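K.L.:
Sharing a structure below in structure tokens format, with a few things to ask.
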Amino acid sequence: MFDLSEIKKRNICIMGLMGSGKSMIGKDLSKYLNLKFYDTDKEIERKTKKNINTIFEEHGESYFRDIEEKVCIEILTNENCVISLGGGSIISRNIRKVIKNNSYSIYLQVKLNNLQNRLKFSRKRPLLNKNLSKKEILENLLKDRQKYYEKADLIIDNDRDRFQALERIKSQLNTYAN
Ligand code: S3P
């Protein structure tokens with residue numbers, strides 16, 4: 001098991017826009033480091049027994065954000081885990097505070113046109129079902145969030161294959177462990 005006390009943190013969290021690869025890389029990283037894995041969207045769905053689309057449809061975004069804040073804060077206080085955060089969780093000041101105190105944070109940065117391609121057929125992202133192009137929606141989300149994502153302890157480009165990004169994360173973490 002990777003010793004997080006080496007980096008004086010309780011856990012590792014992964015952030016970035018939808019489609020940036022947080023869940024896949026988070027899962028792979030947790031296996032490599034032998035740490036537990038959490039995906040905050042999955043936890044929200046498990047707790048509410050509803051999928052994210054249904055929560056947005058039945059109750060709206062601000063209701064989702066309230067649940068997201070509670071679930072993220074609970075998970076972010078856990079020890080010895082890798083956490084993939086929903087892309088919008090970073091807009092909560094309270095979540096940002098908990099990340100700062102507990103987590104080694106990694107921002108997966110992906111160019112907007114690549115995100116757009118990856119999300120072309122996604123039916124699971126309610127924020128993309130608006131009367132704007134996916135490009136405009138993603139641009140607007142990035143405009144609001146970039147300043148927070150960029151505060152991460154580590155920024156990794158994930159435009160190509162995820163194994164390259166994973167290797168870069170691993171080698172950075174190994175520099176702390178030695
Ligand atoms: C959202 C991202 C989604 C999910 C919800 C809202 C956002 O998570 O939490 O649809 O505001 O960017 P992923 O980033 O895992 O797709």
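K.L.:
What nm value, rounded to one decimal, do you get for the distance between Asn94 and Asn51 when each label is placed 7 Å out toward the C-beta?
P.N.:
My value for the distance between the label points is 2.8 nm.
K.L.:
Before anything else, pin down the relative contact order of region 56-178: Cα pairs under 8 Å, at least 6 apart, normalised by residue count, whole percent.
P.N.:
On the way: 80 pairs, mean separation 32.8, N = 123.
Over region 56-178, the number comes to 27 percent.
K.L.:
Now for a different question. My understanding is that a pair violates if its Cα-Cα distance is over 28 Å; which of Lys36/Lys120; Lys49/Lys100; Lys70/Lys130; Lys97/Lys130; Lys111/Lys170; Lys31/Lys124 do that in this structure? Spell out each step's value before the answer.
P.N.:
Details: Lys36/Lys120 31 Å; Lys49/Lys100 30 Å; Lys70/Lys130 26 Å; Lys97/Lys130 30 Å; Lys111/Lys170 22 Å; Lys31/Lys124 25 Å.
Distance filter (> 28 Å) returns Lys36/Lys120; Lys49/Lys100; Lys97/Lys130.
K.L.:
Here is a follow-up. Would you grab the residues whose amide H sits under 5 Å from the one on Asp157? Only those 5+ places off in sequence or on another chain, please, with H modelled 1.01 Å from N.
P.N.:
Gln109
K.L.:
Order these peptides, 167-174, 30-37, by their mean beta-carbon neighbour count within 10 angstrom, highest first.
P.N.:
On the way: 167-174: 14.4, 30-37: 15.9.
Averaged packing, sorted descending, gives the order 30-37, 167-174.
K.L.:
Using the basic label-point model (7 angstrom from Cα toward the beta carbon), what is the Asp3 to Asp144 distance in nanometres?
P.N.:
4.2
K.L.:
Using +1 at the Cβ of each Lys and Arg and -1 at the Cβ of each Asp and Glu in region 69-120, identify which of Leu115, Cys81, Asn94 lies farthest towards the dipole's positive end.
P.N.:
Leu115
K.L.:
Probe radius 1.4 Å, ligands and nucleic acids ignored: give me the carbon and sulfur share of the accessible area of region 34-178 as a rounded percent.
P.N.:
It is 45 percent, rounded to a whole number.
K.L.:
If you don't mind, another one. Whole-Hz Karplus ³J(HN,Hα) for region 38-47, in order, using 6.51 cos²θ - 1.76 cosθ + 1.60 and θ = phi - 60°, x for Gly and Pro?
P.N.:
In residue order, the calculated couplings are 10, 10, 5, 5, 5, 5, 5, 5, 5, 5 Hz.
K.L.:
What accessible area per residue, rounded to a whole number of Å², is obtained for the chain using a probe radius of 1.4 Å? Walk me through the numbers on the way to the answer.
P.N.:
Details: 9790 Å² over 178 residues.
Counting only protein heavy atoms, the per-residue value for the chain is 55 Å².
K.L.:
Taking the Cα centroid of region 1-62 and of region 161-177, what is the distance between the two, rounded to the nearest whole Å?
P.N.:
18
The values are calculated or read from the model by the stated rules, or taken from the named source; none is laboratory data. Every value quoted in this text rests on a predicted model; they were computed, and no experiment measured them. As a convention, Cβ positions derive from the backbone with ideal geometry for all residues, glycine included, and neighbour counts pool all protein chains shown. Heads up: the accessible areas ignore ligands, DNA and RNA and are worked out on the full protein's heavy atoms, side chains in. Shrake-Rupley method; radii C 1.70, N 1.55, O 1.52, S 1.80 Å.
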